[in-house]
Amino acid sequence: MATHSIQPYLFSFILVLSLSTLGLSSPSSAVGIFPPTCKRIECPAFDVIDKGNGYEIRRYNSTPWVSTSQINNISFVGATREGFLQLFSYIQGNNKYGVKIEMTAPVITEILPSDGPFCTSAFAVSFYVPKENQADPPPANGLHLQIWGIKFAAVRQFTGFVQDSDVGVEAATLYSSLAGSPWAAAVDKGGKSHPTSPYSVAQYNSPFEYANRVNEIWMLFDEEDIGSS
């Protein structure tokens, strides 16, 4: 049973996306900041196995996510808003069990970028299933369950309200920062083996947290990708 009020979080997240559309912030880079939200609501656990210049490598053990179907949109902000509203309805009880589910963080948006600046990209938005519901996550129309096994992520953190113009820049910077590291080949192979999701954006904060905002770019790969040439 949920112990936190979800309605303020809905308002907060939608306001974040609205502010992002208006361009009312300029994200700056960071690494190694513990998301403040995770002190209040549940986040997936991970181990940091390496850190480099502007990135860290994490290992996530088995984690379940409820995800939207593919959303086609020209805007990351617009697609994330659309997907989040579907997931919000789900955790409010619009699922086959009729149960309310605790809010978690982060909300992640998987991105398959388009070939041009004015072309439609593909997105999928996902909600981390809290431990209370992991044994039997409620199914729902239009949503599907993803169960990660052991999954590795190259992560770059940045602050501020996420804008459409930030996403590609931050992803490119993460990729560049990995050049020459032991993880570059693993990320390349992970992207080729999961072509529908070359990278994701994880968002943690409400808009009422102006200091120490934490967003992340994730580039995922599997254990068998490590050490590939």
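The values are calculated or read from the model by the stated rules, or taken from the named source; none is laboratory data. Every value quoted in this text rests on a predicted model; they were computed, and no experiment measured them. A quick note on method: Cβ atoms are made from the backbone with ideal geometry, for glycine too, and the neighbour counts reach across all protein chains shown. Remember, those area values only see protein heavy atoms, side chains included, never the ligands or the DNA or RNA. Shrake-Rupley method; radii C 1.70, N 1.55, O 1.52, S 1.80 Å.
With r as the distance between the Cβ atoms of residue 33 and residue 181 and R0 = 22 Å, compute the FRET efficiency 1/(1 + (r/R0)^6) and round to 0.05.
That pair, residue 181 with residue 33, gives E of 0.60.
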Fill in the blank from the handout: Measure of exposure for residue 151: accessible area at 1.4 Å probe, Å² rounded to 10, is 20 Å²
Fill in the blank from the handout: Here the residues of segment 82-106 lying in the modelled label zone of residue 131, meaning backbone nitrogen under 17 Å from a point 7 Å along Cα-to-Cβ, are 102-106
Fill in the blank from the handout: Quick calc of log₁₀ I(q)/I(0), segment 55-95, Debye, one scatterer on every Cα, no solvent, q values 0.15 1/Å, result -0.54
Handout entry: Note, ³J(HN,Hα) from phi for segment 81-90, Karplus 6.51, -1.76, 1.60, rounded to Hz, x at Gly and Pro
Key = 4, 4, x, 5, 5, 5, 6, 5, 4, 4
Fill in the blank from the handout: Put 176, 75, 126 in order of accessible area, largest first, probe 1.4 Å, and you get 176, 75, 126
Fill in the blank from the handout: Taking 0.36 nm per residue of separation between residue 141 and residue 69 and subtracting their Cα-Cα distance, the length gained on full extension comes to 24.9 nm
Exercise for the section: Report, ordered by chain and residue number, the lysines lying within cross-link reach of residue 51, taken as a straight Cα distance under 23 Å and ignoring same-chain residues fewer than 8 apart. Expected result: 39, 151, 189
Exercise for the section: Roll a 1.4 Å probe over the protein heavy atoms and report the accessible area of residue 59 in Å², nearest 10. Expected result: 80 Å²
Completion exercise
Taking a crude spin-label model, label points 7 Å out from Cα along the C-beta direction, the residue 148 to residue 49 distance in nm is 1.3 nm
